[in-house]
1. For residues in region 171-202 being part of a loop (DSSP other than H, G, I, E, B) and farther than 15 Å from Val243 by Cβ, which is most open to solvent (accessible area, probe 1.4 Å)?
2. Give me the pairs, please: first residue somewhere in region 177-188 and farther than 13 Å from Arg100 by Cα, second residue anywhere and β-branched (Val, Ile, Thr) and outside any helix (DSSP H, G or I), beta-carbon distance under 9 Å, and either six or more positions apart or on two chains.
3. Tell me the residue from Val53, Val66 that is within 21 Å of Val17 (Cα to Cα), touching a Leu at 6+ places or on another chain (Cβ under 7 Å) and touching a residue at least 12 places away in the same chain (Cβ under 8 Å), please.
4. Could you figure out which of (1) among the hydrophobic types (A, V, I, L, M, F, W, C); (2) within 28 Å of the chain's Cα centre (by Cα); (3) over 26 Å from Leu167 (Cβ atoms); (4) not in a helix (DSSP H, G or I) isn't true of Leu8?
5. Quick check on this structure: which one of Pro172, Pro148 is touching a residue at least 12 places away in the same chain (Cβ under 8 Å), in contact with a helix residue (DSSP H, G or I) (Cβ under 7 Å, 6 or more places away or on another chain) and not polar (S, T, N, Q)?
6. Please work out which residue is modelled with the highest pLDDT, limiting yourself to region 12-30 and to residues that are surrounded by 10 or more Cβ atoms within 10 Å (Cβ to Cβ) and in a loop (DSSP other than H, G, I, E, B).
7. May I ask you to list the residues in region 204-251 that are at pLDDT 85 or above, open to solvent by 50 Å² or more (accessible area, probe 1.4 Å), assigned to a helix (DSSP H, G or I) and within 20 Å of Ser188 (Cα to Cα)?
8. Every residue in region 72-118 that is at pLDDT 90 or above, within 17 Å of Leu167 (Cα to Cα) and in contact with a Leu (Cβ under 9 Å, 6 or more places away or on another chain), please.
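The values are calculated or read from the model by the stated rules, or taken from the named source; none is laboratory data. What you see is a predicted model, and the numbers here were worked out from it, not measured in a lab. All Cβ positions, even for glycine, are placed from backbone atoms using ideal geometry, and neighbour counts span all protein chains on display. Keep in mind that these areas ignore ligands, DNA and RNA; they rest on the heavy atoms of the full protein, side chains included. Shrake-Rupley method; radii C 1.70, N 1.55, O 1.52, S 1.80 Å.
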Amino acid sequence: MTQTFERLDVPPAYQLVFQAIETEIVEGRLNAGDRLPTETAMARQFGVNRSTVREGIRLLEQSGLVRREAGRRLHVSLPHTRELAPRVSRAMIMQRVTFRELWEVAMALEPAAAALAAVRITDSALTRLEENVEATRQAVAAGDPVVPLDVEFHALIAEAAGNKALLLCREPMSLLFYPAIRVLFTKSETGRIAQGRLIKAHEILLDALRGRDEVTARDWMTRHIVDFKRGYAVRGLDMDAAVDRLSLLAV
């Protein structure tokens, strides 16, 4: 009997170009700021044509791993959290992730971020948080949206925590979670109460961070996240409903 084999699934050449350069970057042989060879030089080194190299580079640019700088030369870049997060957020939407699931993650990550920030926050980060809290007060007084400022407040605390792994984990979730609560702050009596509770929580958290009070920062962030769930219940909203793409566009 003659042995038969399944047909090999060979990746397109441009994907191999992408993977080869990506490996060099991820393993540290190419670092942020390093200049890549020209497309012609890379085509010669890889043994492919320039259009293949160009397509591989397109994937690298989409991944935030390379950028074109002065003179259109390619340089290795370090993708920012803001560039990576929307892709994961879109995947969450496609997977029909619910508000309850986002809230459960927020309950784990946000208090941890606040506790770390209380230990590590810098004076400049405190100043930015103070400016945010004041801007939130003014937005409430003027009847302006507060959700973008709420998103910023929590992002500033996460940055102050000084933990890159935490930032990478929470950013995709935050792009959906905080916009999803915008319904809590509508122009109604319930919305005004929710805004007042938000400002109070932010003010207490700011004071805790000023005082480098890790315990209070963690405790009040926990209360703050619990309050979002309570607000959902008061509004009669379905915690198990999937978030939608409009949440991603709300900030």
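1. Pass one, region 171-202, residues part of a loop (DSSP other than H, G, I, E, B): 181, 186-188.
Next, only the ones that are farther than 15 Å from Val243 by Cβ stay: 186-188.
Numbers: Thr186: 54, Lys187: 177, Ser188: 35 Å².
Applying the filter and picking the extreme gives Lys187.
2. Pro179/Val243; Pro179/Val251; Arg182/Val146; Phe185/Val146
3. Values: Val53 fails: touching a Leu at 6+ places or on another chain (Cβ under 7 Å).
The conditions single out Val66.
4. Going through the list (1) among the hydrophobic types (A, V, I, L, M, F, W, C); (2) within 28 Å of the chain's Cα centre (by Cα); (3) over 26 Å from Leu167 (Cβ atoms); (4) not in a helix (DSSP H, G or I), Leu8 breaks only (2).
5. Being touching a residue at least 12 places away in the same chain (Cβ under 8 Å), in contact with a helix residue (DSSP H, G or I) (Cβ under 7 Å, 6 or more places away or on another chain) and not polar (S, T, N, Q) holds for just one of Pro172, Pro148, which is Pro172.
6. The residue in question is Leu30.
7. Residues satisfying the conditions are Lys229, Arg230.
8. Result: Leu102, Leu109, Ala112, Ala113, Ala114, Leu116, Ala117, Ala118.
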